[in-house]
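Undergrad: Input: one structure, supplied below.
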Amino acid sequence: MFAPHSYSFSFVQATTNGTSSDKVKIRVSERFKEEDADVTFQSSDGVLFRIHAFHLKACTEGFSPPECAKFEEIVPLTETASTLELLFQFIYPIPQPDLALLEFPILESLAESAEKYQVFPAMNICKLYMRNLLPDHMETVFAYAQKHDYVDVITQIVPLLLVKPLEESAAMMSSRYILPWIKYYTAWAQVASTAIISSPKLNECCGGCSSSRNGSELRTVILKLAEGPRYLQDLDNVFQPSCCTNEGNEYFGWRKSVEASVKAIPNFAELISQNETRQHITFADPWEGSNVVVKSEDGNLFYLHRANLERFATGLRPSTVDEIISSTESASTLELVFRFIYPVRQPDLEFLDFSTLASLALAVEKYKVHSAMAICRLHMKYALPNHPHTVMRYAAKNKFYDLMNTAAPLIIGLDVEESLLIMTEDLAIPWLRYQEQWNAIARMALYFSSKLTAMERNLPGYDEHLRIRDFKFRGCKGCRVSLDVSNMRILCKLGQGATVLRDLDDIFDLGSACCEIRKIDLRSWRSSVEEGIRGIPKFNIFV
């Protein structure tokens with residue numbers, strides 16, 4: 001974690017022109033010190049940043065360098081050097097900084113600066129990281145989201161405000177959101193008051209199962225409902241577990257009615273008038289200065305500017321002036337890709353279906369669109385639990401080892417052939433080594449059954465020649481039920497190796513245990529497997 005005073009950027013010393021007696025030392029950013037830069041900014045703490053005007057015009061709206069700016073002209077800014085050092089990295093075709101390493105005050109300053117100067121490559125990814133810090137910094141993030149009209153973030157926060165009194169929460173709202181908030185809060189309060197009015201009569205017995213009951217349960221529920229919306233998001237805390245779910249159970253029916261009313265409350269975003277218009281750009285027709293044509297896989301043409309491609313999509317450079325570049329991506333994917341190389345608000349990837357997101361993520365890596373790479377990678381990480389195979393293929397192709405380490409255990413259930421189809425050739429052997437670690441755990445688990453408590457005795461029986469002989473019988477020490485069938489079922493599954501270890505609930509099924517002692521044995525067996533899995537090194541160790 002980087003603290004504000006220790007953030008890793010460096011400066012070089014420079015001096016003003018003049019004699020040795022009047023030379024004044026100034027500080028220049030080590031990263032942004034190019035002599036051919038045509039705009040110089042000065043941070044609030046006196047550090048100079050030499051920036052190329054082309055990048056400012058191509059990636060921002062809030063910075064307006066004069067057409068004839070000279071190197072010695074210095075533009076003062078109100079941000080500190082640590083903030084500007086991060087901010088200016090987003091306007092160059094270089095890997096963007098990892099915002100996960102920032103402390104909240106630095107992230108907040110960066111997010112506000114990105115909005116202030118409309119640094120498009122930074123705005124969406126800052127929004128994502130600000131939201132990820134909920135609920136710890138709820139009030140600050142809420143103020144940021146309102147200021148910049150991020151309705152999706154606001155909608156995520158407003159349910160957390162229901163625990164506050166209406167007047168206190170309303171004081172946190174900007175003018176645009178006060179009336180929608182009052183409507184939203186009132187809808188929740190109405191559910192609570194209606195639930196009190198519709199409370200069931202106090203009966204001595206349950207109408208569903210005839211269990212006896214007293215009035216304290218009903219009184220507790222009414223007292224909580226009387227406090228308004230604050231408890232309605234956790235109905236398990238309002239309604240105690242019901243004695244039954246039969247149709248005649250008035251309390252169970254009461255809760256189901258309240259649940260239905262809560263679900264019917266409109267989403268906060270639906271209460272907000274959406275009048276804003278976002279700047280949009282289209283590439284389907286020739287437009288001012290466009291001098292490059294890209295053809296999508298499905299035959300659509302995109303008219304672009306050579307300068308933008310050369311600076312911000314370095315993997316898609318035309319070799320000749322009149323060349324039409326053929327792309328293997330669809331038109332819908334390219335439409336998103338090209339919006340990342342122009343000074344317009346970038347698309348919000350949160351609302352993309354996964355197939356489109358995956359295509360976009362691969363395309364921006366292929367064409368080296370740095371302004372899109374970090375945010376696509378972050379959204380692919382979020383999609384990992386539901387789409388581990390596709391995310392692993394994306395991570396393997398681009399050598400994102402942190403993502404591969406997270407995805408690897410999720411695809412261990414694939415057989416060898418399927419898993420190798422996901423890997424690149426150079427990762428095939430490391431993957432087999434990694435998978436063998438899981439196979440070793442499965443083999444170890446096969447022998448654990450011999451350590452379990454069991455009652456052994458000889459029982460008479462018939463062999464294959466119908467001769468009477470004694471057979472060894474292994475029974476549960478708790479209830480003497482035979483363990484042979486149960487253990488054999490588990491051993492048969494473990495014998496399949498690594499492919500079954502992702503579903504330990506299925507292997508060690510406590511519901512099939514004959515008694516409590518057997519459950520203890522199954523938990524012990526399972527714990528030994530889980531301990532072995534925790535000891536497996538991360539995938540990148542095998543590369």
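Throughout, read-outs are computed from the coordinates displayed, never taken from laboratory work. Not measured: the values here are computed from a predicted model. All Cβ positions, even for glycine, are placed from backbone atoms using ideal geometry, and neighbour counts span all protein chains on display.
Undergrad: What does the highest-first list of 526-537, 182-193 look like by mean Cβ count within 10 Å? Let's see the in-between values first.
TA: Working: 526-537: 13.9, 182-193: 17.2.
Going from most to least packed, we get 182-193, 526-537.
Undergrad: Sequence-distant or interchain residues sharing an amide H contact under 5 Å with Arg502, placed H: which?
TA: It is none; the list stays empty.
Undergrad: Which of the chymotrypsin sites (Phe, Trp or Tyr not before Pro) found in region 278-347 are in a DSSP loop and have at most 15 neighbouring Cβ atoms, other than their own, within 10 Å? Please report the intermediate quantities before stating the final value.
TA: Numbers: sites: Phe283, Trp287, Phe302, Tyr303, Phe312, Phe338, Phe340; in loops: Phe283, Trp287, Phe340.
Answer in residue order: Trp287.
Undergrad: Something else about it: So which of Lys57/Lys399; Lys127/Lys399; Lys399/Lys493; Lys33/Lys295 end up more than 29 Å apart by C-alpha?
TA: Values: Lys57/Lys399 32 Å; Lys127/Lys399 26 Å; Lys399/Lys493 33 Å; Lys33/Lys295 38 Å.
As for pairs spanning more than 29 Å Cα to Cα, those are Lys57/Lys399; Lys399/Lys493; Lys33/Lys295.
Undergrad: Sticking with this structure for a sec: If you plug each phi of region 38-49 into the Karplus form 6.51 cos²θ - 1.76 cosθ + 1.60 with θ = phi - 60°, what whole-Hz ³J(HN,Hα) values come out, in order, with x for Gly and Pro?
TA: 10, 9, 10, 10, 10, 6, 5, 9, x, 9, 8, 10
Undergrad: Once you put a point 7 Å from the Cα of Tyr401 and another 7 Å from the Cα of Ser330, both along the Cβ direction, what distance in nm separates them?
TA: Inter-label distance under the simple model: 3.5 nm.
Undergrad: Under the Karplus relation 6.51 cos²θ - 1.76 cosθ + 1.60, θ = phi - 60°, what is the ordered set of whole-Hz ³J(HN,Hα) values for region 91-97, x standing for Gly and Pro?
TA: 9, 10, x, 9, x, 6, x
Undergrad: Return the aspartates and glutamates within reach of Lys366: Cα separation strictly under 13 angstrom, same-chain partners fewer than 8 residues apart disregarded; answer none if there are no such residues.
TA: Hits, sequence-local ones excluded: Glu329.
Undergrad: Scan around Asn291 for amide H atoms under 5 Å from its own, H built in the peptide plane at 1.01 Å from N, and keep only partners 5 or more places away or cross-chain.
TA: For Asn291, whose amide H was placed from the backbone, the distant partners under 5 Å are Leu304, His305, Arg306.
Undergrad: Then there's this: If the chain between Thr186 and Arg433 were fully stretched, how many nm would it gain, using 0.36 nm times the residue separation less the Cα-Cα distance?
TA: Numbers: separation 247, 0.36 × 247 = 88.92 nm, distance 5.92 nm.
Roughly 83.0 nm would be gained on extension.
Undergrad: Please compute the net charge surrounding Thr140, taking Lys and Arg as +1 and Asp and Glu as -1 over other residues with Cβ under 15 Å from its Cβ.
TA: Result for the local shell: -3.
Undergrad: I need Val500, Val141 ordered by Cβ neighbour count within 10 Å, fewest first.
TA: Working: Val500 18, Val141 25.
Arranged by neighbour count, lowest to highest, Val500, Val141 become Val500, Val141.
Undergrad: Once phi is turned into ³J(HN,Hα) by the Karplus curve 6.51 cos²θ - 1.76 cosθ + 1.60 with θ = phi - 60°, what whole-Hz value does each residue of region 506-523 show in order, with x for glycine and proline?
TA: In residue order, the calculated couplings are 6, 6, 9, 7, 5, x, 8, 5, 7, 6, 5, 5, 5, 4, 4, 5, 5, 5 Hz.
Undergrad: Taking Lys368 as the anchor, which aspartates and glutamates have their alpha carbon closer than 14 Å to its alpha carbon, excluding any fewer than eight residues away along the same chain?
TA: Glu310
Undergrad: Near the amide H of Ser199, under 5 Å away, which other amide H atoms are found, from residues 5 or more places off or on another chain, if H is placed in the peptide plane?
TA: For Ser199, whose amide H was placed from the backbone, there are no distant partners under 5 Å.
Undergrad: Take Thr282 and Ala100, extend 7 Å from each Cα along the Cα→Cβ direction, and tell me the distance between the two endpoints in nm.
TA: 4.0 nm
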